[in-house]
1. Return the sequence-ordered ³J(HN,Hα) values of segment 217-229 in whole Hz as given by the Karplus equation 6.51 cos²θ - 1.76 cosθ + 1.60 applied to θ = phi - 60°, using x for Gly and Pro.
2. If I stretch the segment between Gln216 and Ser426 completely, what's the gain in nm (0.36 nm per residue apart, minus their alpha carbon distance), one decimal?
3. Tell me which lysines have Cα within less than 28 Å of Lys126's Cα, excluding those fewer than 8 residues away on the same chain?
4. Residues of segment 188-260: accessible area per residue at 1.4 Å, in Å²?
5. Quick one: 3J(HN,Hα) in Hz for segment 527-533, Karplus 6.51/-1.76/1.60 with θ = phi - 60°, rounded, Gly and Pro as x.
6. When you have a sec, figure out the Kirkwood radius of the chain from all distinct Cα pair distances and drop it here in Å to one decimal?
7. Where the centroid of each part is defined by its Cα atoms, how far is segment 282-361 from segment 468-535 in Å?
8. At a 1.4 Å probe, what is the % contribution of carbon and sulfur to the accessible area of segment 257-394?
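The values are calculated or read from the model by the stated rules, or taken from the named source; none is laboratory data. Predicted model, so just to flag it, every value in this text is computed and none were measured. For neighbour counting, all protein chains shown are included, and Cβ atoms are generated from backbone atoms with ideal geometry for every residue, glycine included. Accessible surface areas use protein heavy atoms only, side chains included; no ligands, DNA or RNA. Shrake-Rupley method; radii C 1.70, N 1.55, O 1.52, S 1.80 Å.
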Amino acid sequence: MPTLPTPLLTDRNELIARLAANRHYDIAIVGGGATGLGVALDAAARGLSVVLVESHDFAKGTSSRSTKLVHGGVRYLAQGNIGLVREALHERTTLLRNAPHLAQPLSFIMPSYRWWETPFYGMGLKMYDALAGKAGLGKTEFLTRDETLALLPTAQPNGLKGGVRYWDGQFNDARLALALARTAATHGALLVNYCRAVDLVYDAGRIAGLVCEDTQTSRQYRISARCVVNAAGVWVDELRQKDGLANDDGGERPTKPIVAPSQGVHIVVDREFLAADVGLMVPKTADGRVLFAVPWLGKVILGTTDTPRNDLPREPVPLKEELDFILNESGRYLRRAPTRSDVRSVWVGLRPLVKPSGDEGGSTKGLSREHTVLVSRSGLVTVTGGKWTTYRAMAEDVLTTCLEKSLLDGPKASVTAHLPLIGAGSSGLPAHSICQPQGLHSYGDEQSVVLNLPGASTTLADSLTEAMVRFAARFEYAIHVEDVLARRSRMLFLDARLASSLAARVGEILRQETGLDPQFEAFQELAQHYLYLPE
Ligand SMILES: Cc1cc2nc3c(=O)[nH]c(=O)nc-3n(C[C@H](O)[C@H](O)[C@H](O)COP(=O)(O)OP(=O)(O)OC[C@H]3O[C@@H](n4cnc5c(N)ncnc54)[C@H](O)[C@@H]3O)c2cc1C
């Protein structure tokens, strides 16, 4: 295995010292999810000076709670949104090329239980292939009943008529977020987690920076920046409202919120429910949604739902109807129906859907999945909506807007389409599927670094070693048990009980590495949340 130069250290004191140095940046970004991190990388790779602050941990929000699909969106095709699908299919290929250790092709079977389903949906999926063109990952195939069962032996055989196989991609969302953060850092960007933007700074009515607070010490820092990008996901309206009030001669007209949050629930069950390296796609559930069963890191993800909400909790909980819906619908298509006692973890994400002006709520199913970039009177740039798959194109769009509005000077062209992310080089080892349990393969070409850390042969659980926890603390910005067990390793999402049983040991190693409180109790409380099944 080739040895690599040591990765950049992410020592917190050092990061905070850089923040406190009060230098002037070209661009300051609020929010360390897919959107903000994408913008940070695009800007840093163009040579701009970049700072990003994240109030919690990178990808703590929606970006660790996706269905893990790198996809064009077959559902949006059915809605006739050709432009969105084409762009996403193109971005899908770019992502698979730039982060092959974290994003890979996966084929999906759509089983048919009515005679018309195979030709009807099959033709739609052929169109998906046609839109992908050269970016296609494999041809859509029409399957007989026997072929369907051979590829997906755990599909419900009763009434099965045949099926369709098509190709999309899957990924490790939170680790991709970290790869974006770390790649941006290698281009000089300063990224700080657990640091919340609390206020905006103006100079003669124009945005000139922000005030942020280290949530670990409550110390505040002023960042001066020529351009400020609000990429706070479903929480973007908070800063927009501050901006609106600050620039409204007396603050009488509050800025109208643009986000209509919609909740999506996933449950995780054991691999035996889908014992093949293929996904299952149900094109139309009882409520007209698409349902997926996705093999992921040794388990199976079932989901999701689309339930409008009026609030923005950090840890939303599933509704009983959502849980029942996923279990019942999956049970119709799988040989063995999963029950509540099979659930290893349940997690909920909030989609940052953008309301058309004048919309007052109601169903979110029909709202656009496209992204929105807005520039306020003071120059605050807000970006939200879109999806993980298109984070790179969104970032490019944000930078284009900033340049067009003269909020930045810099190279006109983005370079991220051909920029491999950290870990993307060859490890010299055989490629490993993301369907298989998490292990060293998630580190790509950095595996040798992990293997050279203390504790490389001390196994905490099947897919987690002591060295991986040390790697997370030294090079991946982890300070809390949750950072390691939820997002560097994905244990909390895969098996919350197992994660809870490992927390004390992970906490000890983190404390040794960082000297900080690893917040063990908070993690134990959180783990209960991921086991909560409403009655
Ligand atoms: C259920 C579900 C399934 C999905 N599945 C897929 C899928 O399979 N494939 C796909 O491509 N897309 C999928 N998506 C969409 C995708 O996950 C989101 O579009 C994307 O993660 C949004 O990223 P973001 O950075 O805009 O938001 P977030 O990830 O929420 O990031 C915003 C960040 O801003 C931070 N923040 C907020 N306020 C402040 C502040 N004041 N100061 C500092 N930081 C702040 C938050 O802590 C948060 O980390 C799914 C979404 C959901 C909800």
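1. Values, residue by residue: 10, 6, 6, 9, 9, 9, 10, 9, 8, 6, 9, 10, 10 Hz.
2. Values: separation 210, 0.36 × 210 = 75.60 nm, distance 3.74 nm.
Gain on stretching Gln216 to Ser426: 71.9 nm.
3. Lys68, Lys134, Lys139, Lys161, Lys284, Lys365, Lys387
4. On the way: 3260 Å² over 73 residues.
With all protein chains present, segment 188-260 gives 45 Å² per residue.
5. 4, 4, 4, 7, 10, 6, 10
6. On the way: mean 1/r = 0.0423 Å⁻¹.
After inverting the pairwise mean of 1/r, the radius is 23.7 Å.
7. So the two Cα centres are separated by 24 Å.
8. Working: 2450 of 4760 Å².
Heavy-atom surface of segment 257-394 belonging to carbon and sulfur, 1.4 Å probe: 51 percent.
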